[in-house]
Amino acid sequence: MATQTAKNTSAKANTSNEQGHPVTDQLKESLHQSVDKLADNASVAEENIRRTATSSAENMSERKRLAEQKWQASSVRNYAVENPVATAGLAFAAGMLVTSLFRKK
């Protein structure tokens, strides 16, 4: 008898939930649709960001390789390797010049 009463109460609660809250059900459905649409948009944005990041990484790797090739063939590098003391002197003089220019302000 107690089991039968519990089943009847549960059935009445389910019936009242389905019929008694049309505004709530409509709001719930609208919110679910909004969340689904937001998730789809976020997914597309994530794919675009990942694609752009991959492309940028590949581009930067290529630029790094080209810069290293240019540096290896550079006359400045060759001079610095052949004349390290003169290179250090030039760097020191350039640093002193820049420092003196900024101090006079």
Scope region 67-82; condition exposed (fewer than 10 other Cβ atoms within 10 Å of the Cβ) and among the aliphatic types (A, V, I, L, M); matching residues: Ala73, Val76, Val81
Qualifying residue in region 83-93 (condition: hydrophobic (A, V, I, L, M, F, W, C), exposed (fewer than 10 other Cβ atoms within 10 Å of the Cβ) and either outside any helix (DSSP H, G or I) or in contact with a Pro (Cβ under 7 Å, 6 or more places away or on another chain) (or both)): no
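Name the residue, out of Ala94, Ala2, that is of a type outside the set (S, T, N, Q) and either touching a Lys or Arg at 6+ places or on another chain (Cβ under 8 Å) or at pLDDT below 95 (or both). Walk me through it before giving the result.
Values: Ala94 fails: either touching a Lys or Arg at 6+ places or on another chain (Cβ under 8 Å) or at pLDDT below 95 (or both).
When all the criteria are applied, what remains is Ala2.
The values are calculated or read from the model by the stated rules, or taken from the named source; none is laboratory data. As the structure is a prediction and not an experimental result, all values here were calculated from the model. As a convention, Cβ positions derive from the backbone with ideal geometry for all residues, glycine included, and neighbour counts pool all protein chains shown.
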